[in-house]
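Okay, so here's the structure we're looking at.
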Amino acid sequence: MEEAPGAVCRNQCGRTPGLKHWSSPNNDLTDEVPEQIDRLRRLRMLDLGHNALTRVPDALGNLSWLLEH
């Protein structure tokens with residue numbers, strides 16, 4: 001069972017600073033993406049599309065290091 005993005009970030013953001021790709025599309029995720037998402041400084045690709053997320057944090061807009069597709 002896949003953890004919701006909020007749980008993953010709360011549990012892993014500080015412990016996985018080298019995470020480069022986070023892809024969880026079409027997983028019926030409904031959790032929030034927490035503000036701690038901006039701790040993932042090496043993250044280059046984030047795909048949480050086609051889910052029912054309840055909240056997207058302002059910090060997501062600060063992830064200027066993400067690559068465009």
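For this structure, a couple of remarks:
- Cβ-defined net charge surrounding residue 20, 12 Å radius [Lys, Arg +1; Asp, Glu -1]: +3
- Long-range HN-HN contacts of residue 29 with modeled amide H, under 5 Å: 52
Computed from the coordinates by the stated procedures, all read-outs in this text should not be read as laboratory data. Remember, it's a predicted structure, so these values are computed and weren't measured experimentally. As a convention, Cβ positions derive from the backbone with ideal geometry for all residues, glycine included, and neighbour counts pool all protein chains shown.
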